[in-house]
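Participant: If you scroll down you'll find the structure; I have some questions about it.
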Amino acid sequence: MLKAKEHAPLDDLNLPFIKDSPDWKPGKSERGPRCFWSVKTTGDVQADCELGKEYARALLDHMLRTRCGPLLGWVAFAMADDPRFYEGEEKMIMVGFMAEIARNAMYGRHIIKAAGEMGDGGMLVLRNEEREEETAKVDGIAPPPPLPSVEIRTPIPARRQ
């Protein structure tokens with residue numbers, strides 16, 4: 001159960017795509033509406049997609065910092081609630097956002113699986129190095145920056161003498 005002081009993950013949302021009505025009151029049970037997906041197109045498909053990716057990284061950083069996992073669901077619900085975001089001009093912001101969320105989720109799952117497969121005494125090594133990622137090529141949309149590579153190191157058994 002959250003105490004009044006622990007509302008910070010929702011009261012102090014400093015994310016550019018979340019907008020509050022003028023009568024929003026942090027920490028109050030009776031407060032005005034909050035929109036969890038309030039975006040405007042730039043008019044450029046590539047820029048909108050990149051903007052969506054930036055929004056996704058900002059959301060993930062906020063969720064990690066505040067441990068507020070349900071926030072992603074509220075954002076997704078807000079996207080689904082308005083056809084502009086999946087049929088209209090703003091849809092490329094959502095496409096970029098979801099692509100970045102999926103990329104980070106797949107990477108996290110890869111690390112979890114690798115950790116489960118390494119034996120006792122093993123080690124996961126993350127490396128930031130230039131490597132080719134298997135990503136779908138879409139005209140007009142830049143490929144995402146590479147994620148660190150993951151290497152599993154298993155201990156070398158001690159030799160018997």
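Participant: Return the residue satisfying two criteria in turn: it lies in segment 39-62 and is within 8 Å of the chain's Cα centre (by Cα) and surrounded by fewer than 19 Cβ atoms within 10 Å (Cβ to Cβ), and of such residues it is farthest from Tyr107 (Cα to Cα).
Facilitator: Out of the qualifying residues, it is Ala58.
Participant: Turning to a different aspect of this structure: For Gly73, work out the one condition from (1) in contact (Cβ under 8 Å) with a residue 40 or more places away in the chain; (2) within 22 Å of Ser21 (Cβ to Cβ); (3) of a type outside the set (A, V, I, L, M) it doesn't fulfil.
Facilitator: The one condition Gly73 does not meet is (1).
Participant: Quick check on Arg65: is it at pLDDT below 90 and within 13 Å of the chain's Cα centre (by Cα)? Quick ask: steps written out before the conclusion?
Facilitator: Working: at pLDDT below 90: yes; within 13 Å of the chain's Cα centre (by Cα): yes.
In short, yes.
Participant: How about segment 32-56: which of its residues are hydrophobic (A, V, I, L, M, F, W, C) and touching a helix residue (DSSP H, G or I) at 6+ places or on another chain (Cβ under 7 Å)? Let's see the steps before the verdict.
Facilitator: At the first step, the residues of segment 32-56 found to be hydrophobic (A, V, I, L, M, F, W, C) are 35-37, 39, 45, 47, 49, 51, 56.
Cys35, Phe36, Trp37, Val39, Val45, Cys49, Leu51, Ala56, listed by residue number.
Participant: Residues of segment 56-86 being among the basic types (Lys, Arg) and not in a helix (DSSP H, G or I), which ones?
Facilitator: Step one: list which residues in segment 56-86 are among the basic types (Lys, Arg), which gives 57, 65, 67, 84.
If the condition is that a residue be among the basic types (Lys, Arg) and not in a helix (DSSP H, G or I), then Arg67 is the only one that fits.
Participant: Of the numbered conditions (1) at pLDDT below 90; (2) in a helix (DSSP H, G or I), Pro22 fails exactly one; give the number of that condition.
Facilitator: Here Pro22 clears every test but (2).
Participant: Which of the residues that make up segment 97-122 are within 28 Å of Cys49 (Cβ to Cβ) and acidic (Asp, Glu)?
Facilitator: Listed by number, the list holds a single entry, Glu100.
The values are calculated or read from the model by the stated rules, or taken from the named source; none is laboratory data. Source: prediction; values computed, not measured. So basically every Cβ, Gly included, is an ideal-geometry build from the backbone, and we count neighbours across all protein chains shown.
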